[in-house]
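Participant: Here it is, the structure in full.
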Amino acid sequence: MNVTEEAKNSTSRNSRCSPRFYLLFVMLPGLLLSLWAADRKAVMFVTHDLEEAIALADRVVLMSAGPAAGIIGDFPVTLPRPRDIAEVRMEPTFHHIHKEIWASLRVEVQKAYSQGEGA
């Protein structure tokens, strides 16, 4: 059984008991959108991929680099739903949001590299 099949089977088993949240360590973007669309529960996911965050989320929260990390930014994602995660990356609004978030994130990435965390 591959990762996709195992994730779908696990999700199917978990959804029968109507969980208040899903905890999945390996999440496929399409599966995450399917879970959300099925029961519209709140979803929080952690990623290091800015494009993935924008494509999937309604809100992107940035954390600072380092062991004393804290929230340094909170950006709404105003892209309409439903979203095709491959196609949404072509939208001008996607690029505008990416540019705005990257302006804040760039400083943290540079900080992490200068501290040897990004190497």
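Each reported figure results from applying straightforward, stated rules to the coordinates on display, with no laboratory input. Since this is a predicted model, take the numbers as computed values, not measurements. Quick reminder, even Gly has a Cβ in these numbers, built from the backbone with ideal geometry, and neighbours come from all protein chains shown.
Participant: As an exercise, identify the GluC sites (Glu not before Pro) in the stretch 48-119 lying in DSSP coil whose Cβ has no more than 11 other Cβ atoms within 10 Å.
Facilitator: Glu87
Participant: Normalised by the residues of the stretch 42-119, what does the relative contact order come to in percent, with Cα pairs under 8 Å and at least six apart?
Facilitator: Numbers: 67 pairs, mean separation 21.5, N = 78.
Relative contact order of the stretch 42-119: 28 percent.
Participant: In addition: Take the alpha carbon gyration tensor of the stretch 73-119, find the square roots of its eigenvalues, order them as a ≥ b ≥ c, and report rounded if a/c is under 1.5; if not, report prolate when a/b exceeds b/c, else oblate. Present the calculation step by step, with values, prior to reporting the outcome.
Facilitator: Working: a/c = 3.17, a/b = 2.37, b/c = 1.33.
The shape class here is prolate.
Participant: What spacing in nm lies between the two simple spin-label points modelled at Glu51 and Tyr113, each 7 Å away from Cα in the Cβ direction?
Facilitator: 1.8 nm
Participant: Could you give me D for the stretch 37-118, from Stokes-Einstein at 10 °C and 1.306 mPa s, where the hydrodynamic radius is the Kirkwood radius over C-alpha pairs? Units µm² s⁻¹, please.
Facilitator: Values: Rh = 13.8 Å.
Once the numbers are plugged in, D ends up at 115 µm²/s.
Participant: Turning to a different aspect of this structure: Which value in nm describes the separation of the simple spin-label points at Arg59 and Ala86, placed 7 Å from the Cα toward the beta carbon?
Facilitator: Placing both labels 7 Å along Cα→Cβ, they lie 3.1 nm apart.
Participant: Each label point is 7 Å from the Cα along the Cα-to-Cβ direction; what then is the distance between the points at Ile71 and Leu31, in nm?
Facilitator: Modelled inter-label distance: 2.8 nm.
Participant: What does the extension gain come out to for Thr78 and Arg40, with contour length at 0.36 nm per residue minus their alpha carbon separation? Kindly include the intermediate steps, with their values, before the conclusion.
Facilitator: On the way: separation 38, 0.36 × 38 = 13.68 nm, distance 1.72 nm.
Length difference between fully extended and current span is 12.0 nm.
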